[in-house]
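Readers should treat all values here as calculations from the given coordinates under stated rules, not as data from a laboratory. Worth saying up front: this structure is predicted, and the values here are computed from it rather than measured. Reconstructed Cβ throughout: ideal geometry from the backbone, glycine too, with neighbour counts over all protein chains shown.
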Amino acid sequence: MKRQTLLEWSGTVTAIVYSLMIAANVGLEFIGFALLLISSFLIGLWAYFGGHRGILFLQLFYATAGIIGMLRWF
């Protein structure tokens, strides 16, 4: 599997798991926000290597949201 494909899909799956954890409201918010941070890093790398500047910029905000969420739930 190509590196870019791996980054794209692992970031996507991680974001899906994060979304479901937060939506379920079962007390896993810290882990969920950590997954958001990981997902934004993975998709950010994919965007960087692929030249997708808009998506890369968006991932900076998602990473910020992940860090804020982790700090607030810690």
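Express in % the proportion of alpha carbon pairs of the chain at distances exceeding 21 Å.
The proportion of pairs with Cα distances above 21 Å equals 25 percent.
What's the FRET efficiency of LEU6 with GLU29 using the Cβ-Cβ distance as r and R₀ = 35 Å, to the nearest 0.05?
In this case the efficiency is close to 0.80.
Between ILE55 and LEU20, what FRET efficiency follows from the Cβ-Cβ distance if R0 is 25 Å, with the result rounded to 0.05?
0.70
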